[in-house]
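Okay, so here's the structure we're looking at.
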Amino acid sequence: MDNTKIREQVKNEFTDYLTLRKHRKTPERYAILDHIYSTKGHFDMDTLYVSMKESNFRVSRATLYNTIELLLDCGLVVRHQFGDNVAQYERAYGNENHHHVICLECGAVKEYKNVDIFTPSQQKKLKRFKISYYSMYIYGMCSGCEKKRKVAEKAKKAEEKQKLQNGASKAKVASKDAKLNIKRNK
Ligand SMILES: [Zn+2]
Ligand SMILES: [Zn+2]
């Protein structure tokens, strides 16, 4: 489905939700929804606030927070808590089903698309459950951080080797001195 249709569809869905829950249908709320659905990817509240400002939408942080809560409640936006980082959000529709690969070192989040984690027999077990979407969080270390860690480990080993060598040569010098002292004392 093209994105114009998706934007129209989510707008209608939001209207139904606001009507049903007797919430006000303010232009700001629609502007926020449309802004979120004009882009793809993850965002946190700060980046959303800044990008709305840059697109010349003047909304207060309070309106932004309150609208996000509504969008979460009606399932148009999904919230993620990747590790200890601030909560991140993303649109729920028109987004391919994907998983998140999170680096525990630098906090980088990558999307992992087009993988079905359910085997046919697992899908059968879920027969009576209609899946809207699912997301798996895979925590670990990214290749960049792994490289850095290996370099650091190598440097540490080299440093330890150097220390041992220094220690050994000092010990040699000490034993020579001791021998000399013995000779002198004779
Ligand atoms: Zn990393
Ligand atoms: Zn995502």
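The values are calculated or read from the model by the stated rules, or taken from the named source; none is laboratory data. Being a predicted model, the structure only gives us computed values, none of them experimental. Here Cβ is always computed from backbone atoms with ideal geometry, including for glycine, and neighbour counts include all displayed protein chains.
Looking at the structure I just gave you, is residue 36 in contact with a strand residue (DSSP E or B) (Cβ under 6 Å, 6 or more places away or on another chain), more than 16 Å from ligand 1 (Cβ to nearest atom) and not assigned by TED's automatic domain parsing to the domain that holds residue 113? I'd like the intermediate steps shown before the answer.
Values: in contact with a strand residue (DSSP E or B) (Cβ under 6 Å, 6 or more places away or on another chain): yes; more than 16 Å from ligand 1 (Cβ to nearest atom): yes; not assigned by TED's automatic domain parsing to the domain that holds residue 113: yes.
In short, yes.
Given the residues 85, 114, 95, which is the only one that is polar (S, T, N, Q), away from ligand 1 (no atom under 16 Å from the Cβ) and either surrounded by 12 or more Cβ atoms within 10 Å (Cβ to Cβ) or at pLDDT 90 or above (or both)?
That would be 95, the only listed residue that is polar (S, T, N, Q), away from ligand 1 (no atom under 16 Å from the Cβ) and either surrounded by 12 or more Cβ atoms within 10 Å (Cβ to Cβ) or at pLDDT 90 or above (or both).
Just to be sure I understand the filter: pairs with C-beta atoms under 8 Å, separated by 6 or more residues or on different chains, first member in the range 37-48 and among the hydroxyl-bearing types (Ser, Thr, Tyr), second member outside any loop (DSSP other than H, G, I, E, B) and away from ligand 2 (no atom under 14 Å from the Cβ). Which pairs pass?
Within 8 Å, the pairs are 37/3; 37/6; 37/7; 37/10; 38/3; 38/7; 39/51.
Being of a type in the set (Phe, Trp, Tyr) and either in a strand (DSSP E or B) or in contact with a Ser or Thr (Cβ under 6 Å, 6 or more places away or on another chain) (or both) narrows it down to one residue among 112, 17, 30, 93; which is it? So that I can check it myself, show each step before the final result.
Details: 17 fails: either in a strand (DSSP E or B) or in contact with a Ser or Thr (Cβ under 6 Å, 6 or more places away or on another chain) (or both); 30 fails: either in a strand (DSSP E or B) or in contact with a Ser or Thr (Cβ under 6 Å, 6 or more places away or on another chain) (or both); 93 fails: either in a strand (DSSP E or B) or in contact with a Ser or Thr (Cβ under 6 Å, 6 or more places away or on another chain) (or both).
Answer to the selection: 112.
Does residue 58 qualify as being free of Cβ contacts under 8 Å to residues at least 24 places away in the same chain, away from ligand 1 (no atom under 16 Å from the Cβ) and basic (Lys, Arg)? Full working, then the answer.
Values: free of Cβ contacts under 8 Å to residues at least 24 places away in the same chain: yes; away from ligand 1 (no atom under 16 Å from the Cβ): yes; basic (Lys, Arg): yes.
Considered against the rule, which asks whether it is free of Cβ contacts under 8 Å to residues at least 24 places away in the same chain, away from ligand 1 (no atom under 16 Å from the Cβ) and basic (Lys, Arg), residue 58 comes out as yes.
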